[in-house]
Amino acid sequence: MRYAFSTLGVPGLPVPEVVRLAVAHGYDGVELRAHPEEPVHPGIDARQRADVAKEFAAGDVRVLTIAGYARVADPDDAERLDALVDLAYDLGASYVRVFPGGRGGPEDDGVAVRRLRSVAALAADRGVRVLLETHDSHRTGAAVARVLDRVGAPSVGALWDVMHTWLGGESPAESYAALAPHLGYVQVKDIASAQDTTPLPLGAGVLPLADALAPLGPDGWLCWEYEKRWYPEAAELPGLLTAGRERLAALLAETRTQPHPTPWPRPPGSVPISRSGP
């Protein structure tokens, strides 16, 4: 298993410092938040892209993902999927992250399917996979899989954010069963409760991380998304990185010796969500 962290946890940090953190704390890759607030976004030019790629290559650190902000289920969203795919290609990234961002209506799935299909061929040509994250209007594995089953393109897949599926009322086993045919990688985090989603060190909160890791194979990526940008009062991420990676490694080791995880507690007020549900 390989480990990455998201630059959402180190807002605005220059690329050389991001690479330094990854090397110093034993991370294999980085998920780059692609936003104009950050050093890397679709607006940077060819020279800047080459410089970013060179920094990561020099540190032997992978640019895992370009974490874009396209909302594929929103018909009025203006972010260009092709620009995100081209940025990922230029930086050697494996993935582009997109959000659902639907309006909660029956047309959401169709809008998302059309937009994702529109970029599938380009992504395949560039060797990049576009991943729809379990988030906002499609926060469960069932909801994301419902869209991806219709897209039907190997170059379009799923990013499993374990917090959102938990908040949506799915057990990790249910989420994994829905997402497994499409899964790119898993985004982990920890929080105090369903009401308080301030980021915590991994293992210090309530998210069922061991159960989420249990069905995963020995290979692949885990990315720690620590949402410091949205919670400035949270502890600084750099001081937590080594312990976080070690915590994930320990949980993975435990799951290999405990084939039957303990029962999973659903968040208060949640109900199971079937794959065919709304």
List the number of the failed condition for Pro36; all other conditions in (1) free of Cβ contacts under 8 Å to residues at least 40 places away in the same chain; (2) under 25 Å from His135 (Cβ atoms); (3) open to solvent by less than 60 Å² (accessible area, probe 1.4 Å) hold. (3)
Which residue pairs have Cβ atoms under 6 Å apart, sit 6 or more places apart or on different chains, and have a first residue in the range 230-253 that is farther than 20 Å from Gly29 by Cα and a second that is in a loop (DSSP other than H, G, I, E, B) and among the hydroxyl-bearing types (Ser, Thr, Tyr)? Tyr231/Thr198; Ala234/Thr198
Is there a residue being over 30 Å from Leu122 (Cβ atoms), touching an Asp or Glu at 6+ places or on another chain (Cβ under 8 Å) and not basic (Lys, Arg) anywhere in the range 221-239? yes
Within the range 188-215, take every residue that is in a loop (DSSP other than H, G, I, E, B) and among the acidic types (Asp, Glu) and give me the one that is surrounded by the most Cβ atoms within 10 Å (Cβ to Cβ). Asp190
In the set Ala173, Ala153, which member is over 18 Å from Leu213 (Cα atoms) and of a type in the set (Gly, Ala, Ser)? Ala153
For residues that are assigned to a loop (DSSP other than H, G, I, E, B) and of a type in the set (Asp, Glu), scanning just the range 1-56, find the one that is farthest from Gly217 (Cα to Cα). Asp45
Of the conditions (1) farther than 27 Å from Tyr27 by Cα; (2) open to solvent by 10 Å² or more (accessible area, probe 1.4 Å); (3) free of Cβ contacts under 8 Å to residues at least 40 places away in the same chain, Leu148 satisfies every one except a single condition; which number is it? (2)
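Residue-wise test of (1) in contact with a helix residue (DSSP H, G or I) (Cβ under 6 Å, 6 or more places away or on another chain); (2) modelled with pLDDT of 60 or more.
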{"site": "Cys223", "(1), (2)": "no, yes"}
{"site": "Glu236", "(1), (2)": "no, yes"}
{"site": "Ala253", "(1), (2)": "no, yes"}
{"site": "Gln258", "(1), (2)": "no, yes"}
{"site": "Pro263", "(1), (2)": "no, no"}
{"site": "Arg275", "(1), (2)": "yes, no"}
Which numbered condition Arg115 misses (of (1) without any contact (Cβ under 8 Å) to a residue 40 or more places away in the chain; (2) open to solvent by 10 Å² or more (accessible area, probe 1.4 Å)): (1)
Tell me the residue from Leu32, Leu87 that is in contact with a Ser or Thr (Cβ under 7 Å, 6 or more places away or on another chain) and aliphatic (A, V, I, L, M), please. Leu32
I need the full set of residues from the range 166-184 which are within 30 Å of Arg126 (Cα to Cα) and either crowded, with 24+ Cβ neighbours inside 10 Å or among the acidic types (Asp, Glu) (or both), in order please. Ser175, Ala178, Leu179, Gly184
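The values are calculated or read from the model by the stated rules, or taken from the named source; none is laboratory data. All values derive from a computational prediction rather than experimental measurement. Ideal geometry is used to build each Cβ from the backbone, glycine not excepted, and the neighbour counts take in all protein chains shown. All accessible areas refer to the heavy atoms of the entire protein, side chains included, with ligands and DNA or RNA removed. Shrake-Rupley method; radii C 1.70, N 1.55, O 1.52, S 1.80 Å.
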